[in-house]
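Heads up: the structure comes next, in structure tokens.
The values are calculated or read from the model by the stated rules, or taken from the named source; none is laboratory data. Please read these numbers as outputs of a predicted model, since none were measured by experiment. Glycine also receives a Cβ, built like all others from the backbone with ideal geometry; neighbour counts cover every protein chain displayed.
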Amino acid sequence: MLQNKCIRGLYGITPEHVPATILETAVAEALAGGMCVLQYRAKSLPDEAKRKQAQRIFAMCRKADVPFLVNDDLALAVEIGADGVHLGREDATLSSARRALGHNKIIGVSCYNDLSLASHAANGGADYIAFGSFFPSATKPTAVRADPSLIVQARQRFNVPIVAIGGVTLENAPQLIAAGADALAVISDLFGTSDVRARASHYQTLFDTHVR
């Protein structure tokens, strides 16, 4: 049974186009380094391969008592009993996801740079809201841009955890945490490094040393 549902700290997102064994080793290293949440994102994998890989990585996260969320794919999240799902603009609605998953699962919602979307999500029962891209991102180079001041405004208005995403690095992370981000969603600057465990630990240290 998952005990840790806190959304605070390093929020890892799995990269695309990485061989399964390499990805799973990297996830293990990120977990060992203190990653607090993992979102499984695998849009290009065939359904069966995606399901099997998701189950393996979910087992790793469950052993570490770290929430395992599925990006976009509500059906997969339900099938494998994942800890939750992350929803974007084109995905299932928050209400349908809640009906399918129940009230004990985590549902996060992308709000881009839009406080009205955040209001709708927070009032609709989302467990966290995500804003970004705050910086240029190789994963989504055409993503809308958000300013850190958006986090400040959201912190004043909403009583749910705030996740910042988009081009996050160790160098620019402090300004997002200072603005009020509860978690930082990271792909490349975590899984694209030579020492994933050390990088995860460095991110967690930023949160441990910041007193809100």
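A few points about this structure:
- Given (1) touching a Ser or Thr at 6+ places or on another chain (Cβ under 9 Å); (2) modelled with pLDDT of 95 or more; (3) within 30 Å of Leu23 (Cβ to Cβ), number of the condition Arg145 does not satisfy: (2)
- Selection of first residues in segment 26-54 that are more than 19 Å from Cys6 (Cα to Cα) and of second residues that are at pLDDT 95 or above and of a type in the set (Lys, Arg), restricted to Cβ pairs under 6 Å at least 6 apart or on distinct chains, gives the following pairs, ordered by first then second residue: Glu29/Arg197; Ala42/Lys50.
- Residue within segment 41-50 that is touching a Phe, Trp or Tyr at 6+ places or on another chain (Cβ under 7 Å) and under 24 Å from Asp195 (Cβ atoms) present: no
- Screening Val66, Val78, Val85, Val37 for residues that are of a type outside the set (D, E, K, R), within 14 Å of Lys105 (Cα to Cα), modelled with pLDDT of 95 or more and surrounded by fewer than 19 Cβ atoms within 10 Å (Cβ to Cβ) leaves exactly one candidate, Val78.
- His103 meets all of the listed conditions (1) out of contact with any helix residue (DSSP H, G or I) (no Cβ under 6 Å at 6 or more places or on another chain); (2) free of Cβ contacts under 8 Å to residues at least 40 places away in the same chain; (3) surrounded by 14 or more Cβ atoms within 10 Å (Cβ to Cβ); (4) not in a helix (DSSP H, G or I) but one, namely (3).
- Applying the condition of being farther than 18 Å from Gln156 by Cα and buried (at least 21 other Cβ atoms within 10 Å of the Cβ) to segment 177-195 and asking which residue is nearest to the chain's Cα centre (by Cα) yields Ala185.
- Of the set (1) assigned to a helix (DSSP H, G or I); (2) surrounded by 19 or more Cβ atoms within 10 Å (Cβ to Cβ); (3) aliphatic (A, V, I, L, M), all apply to Ala126 but (1).
- No other residue among Phe207, Phe134 is surrounded by 19 or more Cβ atoms within 10 Å (Cβ to Cβ), in a loop (DSSP other than H, G, I, E, B), touching a residue at least 12 places away in the same chain (Cβ under 8 Å) and not β-branched (Val, Ile, Thr) apart from Phe134.
- Residue within segment 148-165 that is more than 14 Å from Asn113 (Cβ to Cβ), among the hydrophobic types (A, V, I, L, M, F, W, C) and surrounded by 15 or more Cβ atoms within 10 Å (Cβ to Cβ) present: yes
- Among the residues of segment 88-100, the ones that are under 16 Å from the mean Cα position of the chain (by Cα), among the basic types (Lys, Arg) and surrounded by 16 or more Cβ atoms within 10 Å (Cβ to Cβ) come to 0 in all.
- The set of residues in segment 74-97 being of a type in the set (Gly, Ala, Ser) and either free of Cβ contacts under 8 Å to residues at least 24 places away in the same chain or not in a loop (DSSP other than H, G, I, E, B) (or both) consists of Ala75, Ala77, Gly81, Gly84, Gly88, Ala92, Ser95, Ser96, Ala97.
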